[in-house]
Amino acid sequence: MSIAIVGAGIIGASVTYHLKKTGYNDEIDVYEKLDAPGEASTSLCAGGARNLWSTSVNLALATESLRRFASFKEETGRTIGYENIGYLFCLYEEEYKQIEGFLPEWKKYGVNAELIPAERISDFVPKLIPDVDDEVKELLNIKPFRGALWGKDCCALNPTSCTTAMFDCAKEMGGIELHLGTEVEKIIIGGGKVKGLEMKNGEKINCDRCVVAAGTWSGVLLEKSGVDIPIVPIKRMLFTVYLPPELGFEHIPMTIIDRGVYFRVEAGNLLVGRAKEDQEPGFDTTVENKYYVDEMNPYMQVRIPGTEYCRILSSWGGLYAVTPDNNAIIGEYPGIDGLYLITGFSGHGVMEAPAAGRALAELITEGEYKTIDLSPLSIKRFKEGKLIKETIVI
């Protein structure tokens, strides 16, 4: 049976690669409206991956995906910029206690993490101050760090390289056609089945099955196809800033401090981000440098002396595909044979791409999940009131 995949980001690449690995022998056509794979949200993200989550489905997906990233070169012979840098979440007292409660469950999943005391934080991030004076705490509404969560298997990678590598491996197995610069206008559905695709230029293509892996554009595509899905695009901004050599940040982990401000070293500079709490949904990706100056760098300055010199070198905006519970929608759409969804990862698509793509490939080829049961991520959960409330979201 013919299958079409809409979207050539890291999720679409993972589904394609794992379909071929599971022995899918029919033709796979991948459609991407941009001119290269992994050129949209995949290329704009922070490139970090962690397995520190509060829900079992995310724990399973991320832990398996981290294992796959670590062994990717061995598996494929290709490099993806993998670095085992770790993650360091600096925690207030109440957050520290919450994480203590997660540790036994994490151990069951093989999560390699530990809580460290406040006095050890500067061993990981030089000059980082766990506490500040009362006036600063009141001004910025922050608290002392009780300690930190050290995720030892967490990593950084180049998501675009990973995307390209998976497509290249799939092509080597044969039966893959990648249609770049080709926008799908809608999915043709009739009699409760997928019938084909209609392109932006009016061309119609027959297919029996369609995988929607279009990220933030999934909602638009499905709406035009008469299919309802609860996904909205939310802007996120990243800033590359100057890294003063005297900070000694050559080998720091991905570090998360107050208000969700996070940073890591990339190419000798510092990559900094923070979710804007009042960001309205929409496709506008205009970057706001003032947001870094007013809402990010002040927290860096009070925790790490010298970061006041971290001036902006470059900046960009991207989009999260966000669902009501900040978790992906994966599985076959109820009542429409052949329509598969793998979208709405709400900012953790890269982190879960290998395991999620493999699981959906299993569902398509074998009719059931084999490695990880992703049935809790079915779109049915929204109507059934079975939302998965993930609490560790940056």
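Taken together, the values in this text are just the output of simple stated rules run on the coordinates, not laboratory data. The shown structure was predicted, so the numbers you read here are calculated from the model rather than taken from an experiment. Methodologically, a virtual Cβ is constructed for each residue, glycine included, from the backbone with ideal geometry; neighbour enumeration extends over all protein chains shown.
Quick rundown of the values:
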read-out	value
Range of Cα positions in the chain per principal axis (Å), largest first	67, 44, 42
20 Å reach of a label modelled at Glu308, 7 Å along Cα-to-Cβ, counting backbone N of region 238-270	241-249, 258, 270
Protection-proxy order for peptides 112-121, 142-151, 354-363, each taking the mean of Cβ atoms within 10 Å per residue, highest first	354-363, 142-151, 112-121
Mean-position separation - Cα centroids, region 1-59 and region 184-237, in angstrom	16
In degrees, nearest ten, helix 93-108 long axis to first principal axis of the chain (Cα)	50
Point-charge dipole on Cβ atoms (K/R +1, D/E -1) for region 245-394, about Cα centre, debye to 20	140
Value of Rg/Rh across region 110-193 [Cα atoms, Kirkwood radius]	1.30
Value at 222 nm in deg cm²/dmol, rounded to 500, when DSSP H runs of n ≥ 4 in the chain each add -39,500 (n - 2.57)	-9000 deg cm²/dmol
Simple Cβ-charge dipole of the chain, Lys/Arg +1 and Asp/Glu -1, about Cα centre, in debye nearest 20	500
Label-reachable residues, region 146-167, where backbone N falls under 16 Å from a point 7 Å from Glu114's Cα toward its Cβ	147-154
Under the Karplus curve 6.51 cos²θ - 1.76 cosθ + 1.60, θ = phi - 60°, whole-Hz ³J(HN,Hα) for region 280-287, x wherever Gly or Pro sits	6, x, x, 8, 5, 10, 4, 7
Coordinate range along principal axes, alpha carbons of region 20-61, Å, largest first	38, 29, 13
Projected label distance in nm at Lys200 and Ser56, using a 7 Å step from Cα toward the beta-carbon	4.3
Lys/Arg +1, Asp/Glu -1 at C-beta; the chain dipole; positive extreme among Gly9, Tyr320, Leu243	Gly9
Inter-site label distance for Asn141 and Glu280 at 7 Å from Cα along Cβ, in nm	2.1
Built amide H within the under 5 Å cut-off of Cys207, gap 5+	Gly196, Leu197
Too-long pairs where the Cα-Cα distance tops 24 Å, listed order kept, from Lys235/Lys290; Lys97/Lys383; Lys97/Lys370; Lys171/Lys380; Lys73/Lys152	Lys97/Lys383; Lys97/Lys370; Lys171/Lys380
Region 260-360 - convex hull of the alpha-carbon atoms, volume per residue in Å³	147
Rounded FRET efficiency, nearest 0.05, which uses the C-beta distance separating Val393 from Thr371 and R0 of 22 Å	0.35
Karplus-derived 3J(HN,Hα), 6.51/-1.76/1.60, for each residue of region 145-150, Hz, glycine and proline x	7, 6, x, 8, 9, 10
Segment Glu94-Thr22, length gained on full extension (0.36 nm per residue, minus Cα span)	21.4 nm
Percent RCO, i.e. relative contact order, over region 249-394, from Cα pairs under 8 Å lying at least 6 residues apart	17
Convex hull volume per residue for region 98-154, taking Cα atoms only, in Å³	97
Between helix 56-70 and the chain: long-axis angle, C-alpha atoms, 0 to 90°, nearest 10	90
More than 21 Å apart - percent of Cα-Cα pairs taken over region 314-390	28
Cα centre as origin, Lys/Arg/Asp/Glu Cβ charges: region 118-211 dipole, Debye	460
Point-to-point label distance, Glu172-Asp134, nm (Cα→Cβ direction, 7 Å offset)	6.4
Nearest-ten-degree value, helix 159-173 long axis tilted from longest Cα axis of the chain	30
Computed lengthening from Asn269 to Glu105, 0.36 nm per intervening residue step minus Cα-Cα distance	55.4 nm
Given Lys127/Lys389; Lys20/Lys186; Lys33/Lys386, the pairs whose alpha carbons are separated by over 31 Å	Lys127/Lys389; Lys33/Lys386
With eigenvalues of the C-alpha gyration tensor scaled by 5 and rooted, region 44-85, Å	20, 13, 8
